[in-house]
Structures are given as structure tokens and as C-alpha cells.
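> Before I ask anything, here is the structure I am working with.
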Amino acid sequence: MSISRAATGGMLLCRAEPLAARPPAHLLRVRLLLVPAGTWSALVPEVKPWLAGEEGVAEVLSGWGSAIALGTNWPVLSVWWEGGRAGFTLSSGFRRTAAYEWDAAGRPSGAPDAMRILAARLGLDPVLDLEELERLTRTDPAPDPAGDPAVDGETRLLGLIALLTRAGLALPAGLSPGEPADRLRGAARVAAGAETVEWAGWRDAVRAELDAVEEGPLGPWVRGPKARLLGAVQLAAGAPLVLWAVRRRSPGWAAAGVFLTAQGTLSLAYDRARTQR
């Protein structure tokens, strides 16, 4: 199967199990399907905001991925395909994002060091795995006799997904790059352990955040000076980002701004509540 030029879709691949991925996904205030994917989690949108705004699926998912990564200590890989193109954006905290894409003919485009950053942040082998990743950045010199590229954009993206199985990624059947958004959503709904993540008000969002903190380790930002510092930084960055996103009509970055503001507030509130116990 190759990517149809009409097929548009995407998903977020979180380097965390559903328990940890659920709270930040709640704060995006977008209806999503959360699916276990080995030691990872996949987030599949139930909506298509790229149809109503000025941004395509790549920009929307990149904004969502950055929002989640800014409030966590694990990376998020936004994988997308649209109009024959395919690619990814890797977000990891406040560090620089790494993005790469291929056109319908498999021609690569992106930051020269994107694959090196991907390998380092996902804990892949710095020699063997990186060598395979770098193969995905080379233009295929030999099209087949019919004139079609021997390696198209979907093949490149599927090659990346296959390589990530070495890092514990195991996507359920049907969650595959190149599927139309509706078919992808249908596969996510019937996947084992799938659940709907939907905004249901601040009370449920706070409860989900506290449950996750109490039930499992989420990293060094839960309490203490580091937690207070991170919460203050998130609050300071969130509000201006929302205003900027509204002016640009960017649903992805608007969600990122709302997420930062909410996460900062919750971080400070939780630290204060635990300190007073």
C-alpha cells in the first residue's frame, strides 16, 4: 500500500505508558483516542481541526506534540501524512524540536541533524540504528521502470516506524501511516485497551493529574524547587502563546498555550498541597 494523495491523517506517539500519557492529553482539550502501543502510547484524534483552520495536519499535530512534551519528561513523536507527503516532528520538553518529511516521490527534506537527535532522544543505538535512520534521508537514485519511485514517502515513514520497534513501540493492527483519518480512528477504537480522552472540566483534569502522580512516577518535576520553577515558566509562556496562536488561527499552538497554562497551574497547586501535608 502506498499513500494516497487524498489520504490525510496522523497520530501522536508518546514515549510513555497510558497512565502517564492520559493527564497531559486531557489538558489539550481535544477529543482523542488513547491506545497502548508496547511501552509507548498512541494518541489518535477524533476530530479534524486541520479542515477548519489555516494549518495542515503537520502543523496541528506538531503543536499538540509540543504541548504535551513541554509538560512532561518524555518525548512525543508527531507522525503525519497529507497530500502525498509524510513526515514527523519530535518534541522533547523545552529543547529544540526535530522535524523531517518526504514528498510523494520519497525525496527527503528537513534539518540535517534530525535523525541524530531522534536517535539520541529515543535511546536508539548511536551506530547501527542511526545508520538505518540516515538511509531514510538519502534520495533513492533508482526509480522503477514504470516511473514510480522505488521508495515513496509512505515507505520511508513505515521504515521509521519499523525501526522504532527496537525502542519498544508496538502499534496495534490498523494504526499505520498512510491510512485515512477515519479509518485510523476506527482501528484505534477497537484496539485492546483503547480509551477516549475527552475534556470534562477542570475538576476531572485535576483528578486525572493527581491520580497519575500518586499511582506512578512521572519524573523529577512533581515537587520541590524544580516543580515550582517549571510551573512558573509554564505559566509565563502559556498566556502569550495563546494570544499569538489566536492571531494566527493556529489550533495546535493554541492548545499548546492552554496546556502550558493549565500544567503550570496544576504543578504549583500540587506542590503546595503536598508541601502542606
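The values are calculated or read from the model by the stated rules, or taken from the named source; none is laboratory data. Fair warning: this is a prediction, and the values are worked out from it, not measured in the lab. Cβ atoms come from the backbone with ideal geometry, glycine included; neighbour counts cover every protein chain shown. Heads up: the accessible areas ignore ligands, DNA and RNA and are worked out on the full protein's heavy atoms, side chains in. Shrake-Rupley method; radii C 1.70, N 1.55, O 1.52, S 1.80 Å.
> Test each condition in (1) buried (at least 20 other Cβ atoms within 10 Å of the Cβ); (2) modelled with pLDDT under 95; (3) farther than 17 Å from A167 by Cα for V44 and report the one that comes out false.
Condition not satisfied by V44: (2).
> Can you tell me which condition E55 does not meet? The list is (1) open to solvent by 10 Å² or more (accessible area, probe 1.4 Å); (2) part of a strand (DSSP E or B); (3) touching a Ser or Thr at 6+ places or on another chain (Cβ under 7 Å), and all the others hold.
(2)
> For segment 62-81, which positions are farther than 18 Å from L158 by Cα and at pLDDT 85 or above?
Residues satisfying the conditions are S62, G63, W64, G65, S66, I68, A69, W74, P75.
> What single numbered condition from (1) crowded, with 24+ Cβ neighbours inside 10 Å; (2) under 19 Å from P108 (Cβ atoms) fails to hold for L70?
L70 satisfies all of (1) crowded, with 24+ Cβ neighbours inside 10 Å; (2) under 19 Å from P108 (Cβ atoms) except (2).
> Give me the pairs: first residue in segment 26-41 and farther than 16 Å from L13 by Cβ, second residue polar (S, T, N, Q), beta-carbon distance under 8 Å, and six or more apart or on different chains, which are they?
L27/Q263; R31/T196
> With respect to R22, determine if the residue is under 15 Å from the mean Cα position of the chain (by Cα), of a type outside the set (V, I, T) and surrounded by fewer than 18 Cβ atoms within 10 Å (Cβ to Cβ).
Taking the combined requirement at face value, the residue does not satisfy it.
> Sticking with this one: Of the numbered conditions (1) at pLDDT 90 or above; (2) open to solvent by less than 50 Å² (accessible area, probe 1.4 Å), G123 satisfies every one except a single condition; which is it?
With respect to (1) at pLDDT 90 or above; (2) open to solvent by less than 50 Å² (accessible area, probe 1.4 Å), G123 is out only on (2).
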